[in-house]
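**Student:** Sharing a structure here in structure tokens format.
The values are calculated or read from the model by the stated rules, or taken from the named source; none is laboratory data. All values derive from a computational prediction rather than experimental measurement. All Cβ positions, glycine included, derive from the backbone under ideal geometry; neighbour counts span all protein chains shown.
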Amino acid sequence: MTSWNDAYSGEQSFMRVGYADGPQGVDIAVIGIPYDLGTTGRPGARFGPRAVRELSLAVGEFEWGVFPWDHDVRDRHVVKDLGDVTGFTAYPDRLCPAVEAKAKQVLDTGASLLSIGGDHFVSLPLLRAHAEKYGPMALIHFDAHSDTWVDEDLNHGTMFYHAIKEGIIDPARSVQVGLRTPNPETHGILILDADHCLRTPAADVAKAIRDRVGDHPAYVTFDIDFLDPAYAPATGTPVSGGPNTAYARHVLQGLAGLNIKGADQVEVAPHYEGPGQITAVAGATIAADQLYLLGLAREL
């Protein structure tokens with residue numbers, strides 16, 4: 001039997017919640033999407049789900065939960081890892097149908113879904129599945145880039161432009177946090193850029209997000225390059241001048257109680273990692289916080 005403190009051996013389901021063949025009887029499902037053919041910079045995010053799962057064993061090693069949350073989400077909800085969505089390697093046209101089908105399978109049971117990428121393009125099929133069930137989503141987007149470039153190409157810099165075009169996110173309820181690259185068109189989304197974050201307490205940023213989203217069904221997507229490369233070097237398109245991991249966590253924790261229906265953590269590319277696997281541990285910690293947000297939303 002594997003002990004809770006034994007983070008270096010045993011199975012590698014997310015936070016060691018255990019694997020399940022399907023979402024039946026599950027409150028919150030975790031899936032991996034090992035895809036990086038949507039990246040416009042350095043590839044490698046297809047290895048992100050494996051790296052995040054590995055470091056999640058340490059993040060979730062204590063049976064009383066993840067600091068500083070006051071409970072263990074695994075005690076209040078049935079959480080299971082459904083493994084990776086596969087069948088699209090080298091065939092990007094197969095990605096969206098495969099991911100949409102898996103997400104729909106989970107959501108149709110009433111379960112919530114936490115996804116681990118993969119490059120950020122994977123958010124588009126995930127949002128399609130969520131919007132089919134809940135209607136246009138309020139997007140809460142943490143990133144150094146807007147990913148709303150006006151282009152008919154399908155990649156990790158255009159998917160939210162396509163999401164707006166398709167009507168699956170509501171710009172009037174949506175917010176992008178941490179941007180620090182050129183962004184000529186906001187598309188009606190509230191922008192809280194990196195400079196704003198660096199001079200504003202995390203609690204105030206969280207309040208601005210809460211005020212924007214209200215009680216609307218929301219989807220939280222967290223690109224690891226939201227963090228300054230000092231805290232997350234292993235990503236495809238790092239951009240200097242971002243917040244640190246503690247700040248990001250404080251903002252996320254300030255979103256507790258929002259009507260969050262789904263979440264993803266994306267763009268960990270472990271081949272660019274330095275000593276200590278700091279990007280993967282950041283990604284695993286952020287994903288754990290998202291798991292808590294999904295659990296708390298189910299208790300509303």
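**Student:** Which numbered condition in (1) touching a helix residue (DSSP H, G or I) at 6+ places or on another chain (Cβ under 7 Å); (2) over 20 Å from G262 (Cα atoms); (3) outside any helix (DSSP H, G or I) is the only one that A51 fails?
**Tutor:** Result: A51 passes all but (3).
**Student:** Next up: Of the residues that make up segment 246-263, is at least one surrounded by fewer than 21 Cβ atoms within 10 Å (Cβ to Cβ) and among the charged types (D, E, K, R)?
**Tutor:** Yes: segment 246-263 contains one or more residues that are surrounded by fewer than 21 Cβ atoms within 10 Å (Cβ to Cβ) and among the charged types (D, E, K, R).
**Student:** Answer yes or no as to whether K207 is basic (K, R), more than 20 Å from Y292 (Cα to Cα) and at pLDDT 95 or above.
**Tutor:** For K207, the condition - basic (K, R), more than 20 Å from Y292 (Cα to Cα) and at pLDDT 95 or above - is not met.
**Student:** Which one of the conditions (1) modelled with pLDDT of 95 or more; (2) surrounded by fewer than 19 Cβ atoms within 10 Å (Cβ to Cβ); (3) among the polar types (S, T, N, Q); (4) within 26 Å of A45 (Cα to Cα) does N183 fail to meet, given that it meets all the rest?
**Tutor:** Every condition holds for N183 apart from (1).
**Student:** Still on this model: Taking the condition outside any helix (DSSP H, G or I), touching a helix residue (DSSP H, G or I) at 6+ places or on another chain (Cβ under 8 Å) and of a type in the set (A, V, I, L, M, F, W, C), does V220 pass?
**Tutor:** So V220 fits the description; yes.
**Student:** Right, here's the next one. Just checking, does segment 198-211 include any residue being among the aliphatic types (A, V, I, L, M), surrounded by fewer than 21 Cβ atoms within 10 Å (Cβ to Cβ) and over 16 Å from Y247 (Cα atoms)?
**Tutor:** no
**Student:** Name the residues in segment 264-287 that are surrounded by fewer than 21 Cβ atoms within 10 Å (Cβ to Cβ) and either under 12 Å from the mean Cα position of the chain (by Cα) or in a loop (DSSP other than H, G, I, E, B) (or both), would you?
**Tutor:** The answer is E273, G274, P275, G276, Q277.
**Student:** Let me ask you something else. Scan segment 62-93 residue by residue and report those that are of a type outside the set (G, A, S) and at pLDDT below 95.
**Tutor:** F62, E63, W64, T86, F88, T89, Y91, P92, D93
**Student:** Could you list, in sequence order, the residues of segment 145-177 that are assigned to a loop (DSSP other than H, G, I, E, B) and in contact with a Gly (Cβ under 6 Å, 6 or more places away or on another chain)?
**Tutor:** From segment 145-177, those assigned to a loop (DSSP other than H, G, I, E, B) are 145-158, 167-168, 170, 174; that's our starting set.
Selection gives D147, W149, N155, H156.
**Student:** Looking only at segment 211-228, how many residues end up being at negative phi and either more than 18 Å from the chain's Cα centre (by Cα) or at pLDDT below 95 (or both)? Give the steps one after another, and end with the answer.
**Tutor:** Keep residues of segment 211-228 that are at negative phi, which gives 211-213, 215-228.
Of the ones still in play, those that are also either more than 18 Å from the chain's Cα centre (by Cα) or at pLDDT below 95 (or both) are 211-212, 215-216.
Total satisfying the criteria: 4.
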